[in-house]
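In what follows, a single structure is set out as structure tokens and then discussed.
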Amino acid sequence: MSGADRAPDREPDEEETLGRVFLTRVIEPGDEAGGRWVRELGVGEVVRRLREGGAALPGVGAVRWAGLVARAGRAEPERDLAAARAAGARFVVPGDPEWPGQLDDLADARPLGLWVRGRPSLRIWALRSVAVVGARACTAYGTHVAATLAAGLAERGWVVVSGGAYGIDAAAHRGALAAGGATVAVLASGVDRPYPRGHTALIERIAAQGLVVGELPPGDHPTPSRFILRNRVIAALTRGTVVVEAACRSGSLATVRAAQRLGRHTMGVPGPVTSALSAGVHELLRGEADLVTDAAEVVELVGEMGELAPPRTGPVLPRDLLAPAARTVLAALPGDRAAPAGEIALGAGTTPDEAIARLYELRALGYVERHGDGWKLTRQAVISARAGRPPC
């Protein structure tokens, strides 16, 4: 069942919310079997079956069921809610006014609920958001691009979403904050336990100025699989995902693949073709991802109709402003000597009288000068021509 086919969630009561808190301790993020149980049986029935530990629910073997029942025996949802309140966090579930409806596109893999730190509404912020992700071990180029891109998005009123990790994630968060904009960190740990620990100050700043979000209950820790599953939430929350520097085996590519499955825009910033850290991005760009180089190009893809990036043009040189006939005559002058008007007319494909008229016009503008019976380019015209020459 797709998110579009899922029946609208009714507003949850206290018992259902408590049940979902309980289930976040028992069922791993992204567990589609658990999501199917909740959809088909309801939260209350799933909680009851797990607490009683009787016959296994459909789709799990005896060993896994025993593990889920053991977890259920240790779950204390009231204590989790108290710990969340102490950390300034709230628990948002499907049916709440703050629940982002686009997460329903994850179908049975959608979160059971989200722990949220920060004052803004997650639903409102997610409506106009872009994910910026990439390598942890990034280069100075990648850091600069991610920070500049995030700052540009923030200045245009877009929310920058990332995972709070080292490297590109951190650069994106910092770029948005530096521009006085909005940013969301989606963690693979409890929102009261910043990870990585080296980013404690950054994540606390995001919680104070933006939002820190996670599926795991307070105090829980990340694992490699939880990082990968966290990426589906980043992809689903946002209108599109931009990847800046990613090797061929980068975990950030999982976010892009999730975004592609969900029908979101996927974008990549190219890097040097000699850089292994950009090889994964380049492979994406050979497929369905769009090449972007700045915030304006990102907004053109994810924004509303008419939000177009400015066209790319080279510098306008003074000779570009000349009338076509004058430019043709100017181009016919030799660069190293004076030439008579007749020779210049032949080169320009015009009459001598027309060539002389244009030459006097060009002299008034400082491009040519008289040398006896001939005409020669001025030094400034030669420098201007060289400056406008395309690179080899």
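The values are calculated or read from the model by the stated rules, or taken from the named source; none is laboratory data. All figures in this text were calculated on a predicted structure; none of them were measured in a lab. Cβ atoms come from the backbone with ideal geometry, glycine included; neighbour counts cover every protein chain shown. When the accessible area is computed, the model is the full protein with side chains, heavy atoms only, and any ligands, DNA or RNA have been set aside. Shrake-Rupley method; radii C 1.70, N 1.55, O 1.52, S 1.80 Å.
Tell me, yes or no, whether the range 75-93 has at least one residue that is touching a Ser or Thr at 6+ places or on another chain (Cβ under 6 Å), on the phi > 0 side of the Ramachandran plot and open to solvent by less than 20 Å² (accessible area, probe 1.4 Å). Show your work before the answer.
Of the range 75-93, the ones touching a Ser or Thr at 6+ places or on another chain (Cβ under 6 Å) are 93.
Adding the requirement that they be on the phi > 0 side of the Ramachandran plot leaves none.
No, the range 75-93 contains no residue that is touching a Ser or Thr at 6+ places or on another chain (Cβ under 6 Å), on the phi > 0 side of the Ramachandran plot and open to solvent by less than 20 Å² (accessible area, probe 1.4 Å).
Does the range 302-321 include one or more residues that are at pLDDT 90 or above and open to solvent by 30 Å² or more (accessible area, probe 1.4 Å)? Among the residues of the range 302-321, not one is at pLDDT 90 or above and open to solvent by 30 Å² or more (accessible area, probe 1.4 Å), which makes the answer no.
All conditions but one from (1) of a type outside the set (D, E, K, R); (2) in contact (Cβ under 8 Å) with a residue 40 or more places away in the chain; (3) assigned to a helix (DSSP H, G or I) apply to residue 201; the one that does not is (2).
Answer yes or no: is there a residue in the range 6-15 that is within 23 Å of residue 226 (Cβ to Cβ) and surrounded by 14 or more Cβ atoms within 10 Å (Cβ to Cβ). No, the range 6-15 has no match at all. If the condition is being open to solvent by less than 90 Å² (accessible area, probe 1.4 Å) and either hydroxyl-bearing (Ser, Thr, Tyr) or modelled with pLDDT under 85 (or both), then the range 350-392 contributes 350, 351, 367, 378, 381, 382, 383, 384, 385, 387, 388.
Residues that are open to solvent by 30 Å² or more (accessible area, probe 1.4 Å), in contact (Cβ under 8 Å) with a residue 60 or more places away in the chain and more than 22 Å from residue 157 (Cβ to Cβ) are absent from the range 281-300.
Filtered by the rule that a residue be aliphatic (A, V, I, L, M), under 22 Å from the mean Cα position of the chain (by Cα), within 26 Å of residue 257 (Cα to Cα) and at pLDDT 95 or above, the range 207-228 gives 211, 212, 213. A single member of 134, 88 is among the small types (Gly, Ala, Ser) and within 18 Å of the chain's Cα centre (by Cα), and it is 134. In the range 358-370 there is at least one residue matching the filter, namely being acidic (Asp, Glu) and not in a loop (DSSP other than H, G, I, E, B).
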